[in-house]
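The values are calculated or read from the model by the stated rules, or taken from the named source; none is laboratory data. Predicted, not measured: the structure shown is a model, and the values here were computed from it. Every residue, glycine as well, gets a Cβ built from its backbone with ideal geometry; the counts of neighbours run over all protein chains shown. Keep in mind that these areas ignore ligands, DNA and RNA; they rest on the heavy atoms of the full protein, side chains included. Shrake-Rupley method; radii C 1.70, N 1.55, O 1.52, S 1.80 Å.
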Amino acid sequence: MKVGIFGNAGAGKSTLFRALSGGEPHGGGGKQGAVCTIKVPDDRVDRLAAAYRPKKTTHISIVFAEIDPGETSLLPPETVVHLKQVDVLALVLRGFADDFHPAPPGGLNPLGEFRSIESDLVLSDYLVAQKRIERMTKEGRRGAEWSVLHRVNESLENGVPVRELPLSEEERRILSGFRFVSQMPQILVLNIGEEAIRAEPFPELAEAASSKGIPMVRLCARVEEEISRLSVDEQAEFLREMGIARGARDQLVRGAFEAMRFICFFTVGEDEVRAWNVPGGTTALGAAGKIHTDFEKGFIRAEVIGCEEFFRCGSMANAKTEGALRVEGKEYVVRDGEIVHVRFNV
């Protein structure tokens, strides 16, 4: 999963990125910005590794990429190209002011800032859809793509992002090649001042995010950057003293999973304990294909048990004896936190 950190100049994107990366970005430069990869902490993986003592333990990783806006406009072509390379947009909105960063003349307005960015994303997609429709009309081409693009175009003309347009699976497949930026899942990151950490400023932004089903994170990027430079034990103590329930990494990881509607399942063994992320609603057959294409081609059945149930049993042998290990077919929908062992024959 790749998360793009994006927003207006001065919102605190770079500070937030340094907090996430621990001040050690890799690569980047120019409009693409820096990139860092974060291992997603999951105590379930750690507990499974303690039970199996495998040769290798693999957590899920998330890539964070800082994407800079244009100098004269928010979305020049180069920036749009970089936006289309990520899976989730983390929109950083300014909710702080200090002596070095005074509030703009009209005052702080993160909700207005969000609406303005959303409007620019919608306009960018409208121009793409309109150009494609004009070309297809000129060539006399009609069909499924032409029809769904007209629906998208009408929605965009009314200021409604593609993300909010009800689409069938087939329509989503047709549109997938366009990578419309207003269709991407979003996380709103409200960057507040240190004095507001224990408060809940700008409730109107939270209401707007909730009404649109967009996860929202409140944090102080400057404080989070300071925390990232401490040891793990010092970080935990600092968070408690500041009254911060979860650090920036944890909040954004959770937000990304929520935005993508992903779940996590596990494979276990002496060779490797590994976490896998898949979209919610993925079947046992789809999970098998995530592990290896041969597993999907030769799928016979899946042996499934929830993590907590496994920990209660103490071992897979005990789980089988107690009947806690279930046998499921290819249509079974995998749930978050389940251990999946695929039986296959190729």
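Subtracting the Cα-Cα distance of ALA144 and ALA245 from 0.36 nm times their residue separation leaves 31.5 nm of extension gain.
Between ALA324 and GLU258, full extension at 0.36 nm per residue minus the direct alpha carbon distance yields a gain of 20.9 nm.
Take the chain with all the other protein chains still there, run a 1.4 Å probe, and you get 51 Å² of accessible area per residue. For the chain, DSSP calls about 50 percent of its internal beta bridges antiparallel. Taking amide H as placed 1.01 Å from N in the peptide plane, VAL217 has its amide H under 5 Å from the amide H of LEU188, VAL189, LEU190, each at least 5 places away in sequence or on another chain. Largest accessible area first, the listed residues GLU170, GLU241, GLU328 line up as GLU241, GLU170, GLU328 when surface is computed with a 1.4 Å probe on the assembled protein chains.
With a Förster radius of 35 Å applied to the C-beta separation of GLU270 and ARG179, the computed FRET efficiency comes to 0.30. Tell me the carbon and sulfur percent of the accessible area for the chain, rounded to whole percent, probe radius 1.4 Å. Roughly 49 percent, rounded to a whole number. For the chain, the relative contact order is 19 percent, taking Cα pairs closer than 8 Å that sit 6 or more residues apart in sequence and dividing their mean separation by the residue count. With respect to the cross-link table entries LYS2/LYS39; LYS13/LYS290; LYS39/LYS290; LYS2/LYS131; LYS39/LYS212, which display a Cα-Cα separation exceeding 22 Å? Over 22 Å Cα-Cα: LYS13/LYS290; LYS2/LYS131; LYS39/LYS212.
The 1.4 Å probe gives accessible areas that order MET184, MET260, largest first, as MET260, MET184.
Placing PHE64, PHE238 in order of accessible area, with the largest value first and a 1.4 Å probe, yields PHE238, PHE64.
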